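Worksheet: one structure, shown below.
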Amino acid sequence: FDFSWHDPAYHQETLENLKAAVKLTKKLCAVMLDTVGAEMQVVNKSEKAISLEADAIVVLTPDKGQEASSELLPINFDGLSKAVKKGDTIFIGQYLFTGSETTSVWLEVSEVKGDDVVCVIKNSATLAGSLFTLHGSQIRIGLPTLTDKDKEVISTWGVQNKIDFLSLSYTRHAEDVRQAREFLSKLGDLYQTQIFAKIENIEGLNHFDEILQEADGIILSRGNLGIDLPPEKVFLFQKAALYKCNMAGKPAVVTRVVDSMTDNLRPTRAEATDVANAVLDGSDAILLGAETLRGLYPVETISTVGKICAEAEKVFNQDMYFKKTVKYVGEPMTHLESIASSAVFLLSQCCSLYHEFLV
């Protein structure tokens, strides 16, 4: 439940639908609350589509009372002018920057005028909707990881619905996770709620190892990471992060896999391969975003991604994974670890035989 969008009443209605579906299908489903965190947003109160033309000028202003237009975009953060400098890159899109040349826009900072940031538009695009995410490439934003708004939502909606997981957006340091856990510990049943640290910028990437030690799981937010990192570096971080999560025995979640299915019935061949490789690299879950939030084919998307994951799992080399894990853990094992290891070893052998049969 992404609280960057809509209000608690909307999410409550969705949750009631989920409960009905769980009862009908007899398939259990956990509830994860996704915080807003240090997310900068453009506010478009009129919800009219905004057309931006390449090489034109647009001003980003913290004056939220202004009307959004092609020349002026009000934002929810008054410290942007202090965080950027001439030449910096800023991306804006609905939900997250997609890379599409028509639905997302990238800007280059031209100058800073008081609290306003004047930018040159680098590509023509149309922004549609009431809210857009704004992301500064490799720019440190002085917003708290767990905001007052997040705390209010967690202590009300989260407590009321006994959330199973907290997705901690824009996790930058291990201390962010510790503070969130301390906050949850004071909220009755939520002391058991597990925290998944969402890694989505350079700062979080640089402190990944210490964050992994504190968090119960990791979400690799490739949408924002793909902005902060050069495209040729994204796969390196993904593979390294998945390996570290696997060796630490903590779940790893990968996002942004089939963006094209937001508007199309089928994924591209590259996207299908990307989903399979995420599974083969050790990802424990796939997190869909724009495809199911505002996509035209949410059911087909889930079905397609599920089928790809199932096919990839059939050929996952359990035996090699087991041996790699045992080597990483080292000796001596505790009594409980030894029992668990023996059980997994037997299962991996069965899976290995099945894998050889398929090959």
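The values are calculated or read from the model by the stated rules, or taken from the named source; none is laboratory data. These numbers come from a predicted model, not from an experiment. Cβ: placed from backbone, ideal geometry, glycine included. Neighbour counts: every protein chain shown. Heavy atoms of the whole protein, side chains included, go into the accessibility calculation; ligands, DNA and RNA do not. Shrake-Rupley method; radii C 1.70, N 1.55, O 1.52, S 1.80 Å.
Quick look at the numbers
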| quantity | calculated |
| --- | --- |
| Separation between Cα centres of the stretch 1-69 and the stretch 122-184, rounded to whole Å | 12 |
| Residue-normalised accessible area of the chain, given per residue in Å² at a 1.4 Å probe | 52 |
| Per-residue HN-Hα couplings for the stretch 152-168 [Karplus 6.51, -1.76, 1.60; θ = phi - 60°; Hz; x = Gly/Pro] | 5, 5, 5, 6, 10, 4, x, 5, 4, 9, 6, 4, 7, 9, 10, 8, 8 |
| Dipole magnitude of the chain, debye to nearest 20 (Cβ charges: Lys/Arg +1, Asp/Glu -1, about Cα centre) | 740 |
| Percent of beta bridges antiparallel (DSSP, the chain, rounded to nearest 5) | 55 |
| Surface share of carbon and sulfur [accessible, 1.4 angstrom probe, percent] for the chain | 56 |
| Aspartates and glutamates with Cα under 13 Å of Lys314, excluding same-chain neighbours fewer than 8 positions away | Glu356 |
| Signed unit charges on C-beta, dipole axis of the stretch 158-305, positive-most listed residue Val275, Phe237, Asn206 | Val275 |
| Dipole magnitude of the stretch 40-137, debye to nearest 20 (Cβ charges: Lys/Arg +1, Asp/Glu -1, about Cα centre) | 200 |
| Among the listed pairs Lys23/Lys48; Lys82/Lys250; Lys151/Lys250; Lys64/Lys239; Lys27/Lys198, those beyond 29 Å (Cα-Cα) | Lys23/Lys48; Lys82/Lys250; Lys64/Lys239 |
| Size of charge dipole - the stretch 1-47 - debye, nearest 20, with Cβ of Lys, Arg +1 and Asp, Glu -1, no other charges | 380 |
| Residue among Val36, Thr193, Ser81 farthest towards the positive dipole end of the chain, charges placed on Cβ | Thr193 |
| Value of relative contact order over the chain, rounded to a whole percent, pairs C-alpha under 8 Å and six or more apart | 12 |
| Helix-only CD estimate at 222 nm, as mean residue ellipticity for the chain, using -39500 (n - 2.57) per DSSP H run (n ≥ 4) | -12500 deg cm²/dmol |
